[in-house]
1. Which one of these does Asp307 not meet: (1) out of contact with any Pro (no Cβ under 8 Å at 6 or more places or on another chain); (2) buried (at least 22 other Cβ atoms within 10 Å of the Cβ); (3) within 30 Å of Cys101 (Cβ to Cβ); (4) charged (D, E, K, R)?
2. Enumerate the strands (runs of 3 or more DSSP E) found wholly within the stretch 313-372, keeping only those where 2 or more residues are among the hydroxyl-bearing types (Ser, Thr, Tyr) and under 21 Å from Gly60 (Cβ atoms).
3. Just to be sure before I move on: is Lys220 in the same structural domain as Pro51 (by TED's automatic domain parsing) and part of a helix (DSSP H, G or I) in the structure I sent?
4. Which is in contact (Cβ under 8 Å) with a residue 12 or more places away in the chain, of a type outside the set (A, V, I, L, M), buried (at least 18 other Cβ atoms within 10 Å of the Cβ) and not assigned by TED's automatic domain parsing to the domain that holds Phe214, of Gly52, Gly41?
5. In the set Phe210, Phe214, which member is out of contact with any Gly (no Cβ under 9 Å at 6 or more places or on another chain), assigned to a loop (DSSP other than H, G, I, E, B) and in the same structural domain as Phe163 (by TED's automatic domain parsing)?
6. Determine, yes or no, whether Ala308 is touching a Phe, Trp or Tyr at 6+ places or on another chain (Cβ under 8 Å), modelled with pLDDT of 95 or more and within 25 Å of Gly242 (Cα to Cα).
7. Does at least one position in the stretch 55-74 carry a residue that is over 18 Å from the mean Cα position of the chain (by Cα) and surrounded by fewer than 22 Cβ atoms within 10 Å (Cβ to Cβ)?
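The values are calculated or read from the model by the stated rules, or taken from the named source; none is laboratory data. Note that the coordinates shown come from a computational prediction; the quantities given were computed from them, not determined experimentally. Note: ideal-geometry Cβ built from the backbone for every residue, glycine included; neighbour counts use all protein chains shown.
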Amino acid sequence: MIDFGYRAVHVTTTTAKDIIAAYYHHAASRSYFVGCSRGGGQGLMEVQRFPGDFDGLVVGAPAFNWTEFMQGFNWNSRAVAASPIPDSKLPLIAQAVLNQCDAGDGLIDQLVQDPRRCNFEPAVLRCQGPDGPGCLTGAQIEAVREVYAGPANSKGRRISPGFPVGSEDGGDGWGLWISGGTLPIPPLQFTFQDQFFRYIVFNDPGYNPFTFNFDTDQAKLIATGLILNATDPDLRPFQERGGKIVMFHGWNDHALSALKTIQYYGQVGSAMRGRGDDDEGVQGFLRLFLVPGMHHCAGGPGPNTFDAFSAVVRWVEQGKAPERIIASGGAVPGRTRPLCPYPQQAVYQGKGSIDSAASFVCQTVGQARDDD
């Protein structure tokens, strides 16, 4: 568990450096890390525990707060177990979100630029009669609401952010991760939380994760969190040695919520300001790029193919911070869009093709709701 939590990557890294130095008779000039999902979480763990290991890191969709994420997985699994949502109904939800929120950024392009600005209410899909393929039952509507809202205790205090609306359909959407639908295997969120609670937290193969109590069982997660969570926002040791981080997260990631990564980014900013730094200082070593319409690490309807590694190398070796990263691909062939350092977003200039990154500029749009 310690190897999985934080030791393995560090020991592998230091050993690799020793081998390189022995073979070439001098140390490697630079050291870089690229990872997404568990890999993104490993990157943050390296920065926090071993800030001297790497000069630059690409941190994608980081699995960095296991105790919160698994509570969210447990919450979602209970919701859809009580009210199953078949795969055939996921396109209904995705299209209803687009119908309400696609134009919110002034551009109809089959993407929701910032889901936090979309106050989607799934009740618009309520069946007016018996259950059918073109509507949601009352119970299914409640399940969808629970996934969007995130886990809470009995007093209604949210434990972790829920999942942003949008792109619920598709092969790597809710059907794979959350609802299961007609897939021959359980949804991956169910499997992750089931194994996590049985074999890591409680070390009891007979434990039923659906008996986890969000009020009284929080203390039982502390020991696990001390090993697996990479949640320390004070990154000064890494910053002071000149390290750089390019972080990214797909807005429509149905494995790990982009809202949690945004929350951590804000916590880093607060921690640095509280220690004599400011937000400009955070932008000086850590930049977050949110990807509209992207699923977990890749895929989804939005442009989701991009080169974050070259961006971090230029930043480390030439001092050129990434002002935009061009993404391509997605549901529209040939479409390109700029990814902008948070809190900036890609804004259409009013002329030129909406499928060309050259038609967009990175700007800070009015404040959207952040999840605390």
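1. All conditions are met except number (2).
2. Output list is empty.
3. Against the criterion (in the same structural domain as Pro51 (by TED's automatic domain parsing) and part of a helix (DSSP H, G or I)), Lys220 does not qualify.
4. So the residue among Gly52, Gly41 that is in contact (Cβ under 8 Å) with a residue 12 or more places away in the chain, of a type outside the set (A, V, I, L, M), buried (at least 18 other Cβ atoms within 10 Å of the Cβ) and not assigned by TED's automatic domain parsing to the domain that holds Phe214 is Gly41.
5. Phe214
6. Judged against the criteria, Ala308 is a match.
7. yes
Okay, residues lined up against (1) in contact (Cβ under 8 Å) with a residue 40 or more places away in the chain; (2) of a type in the set (Asp, Glu):
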| site | (1), (2) |
| --- | --- |
| Leu226 | no, no |
| Ala230 | yes, no |
| Asp234 | yes, yes |
| Leu288 | yes, no |
| Phe309 | yes, no |
| Val312 | yes, no |
| Ile326 | no, no |
| Gly334 | no, no |
| Arg337 | yes, no |
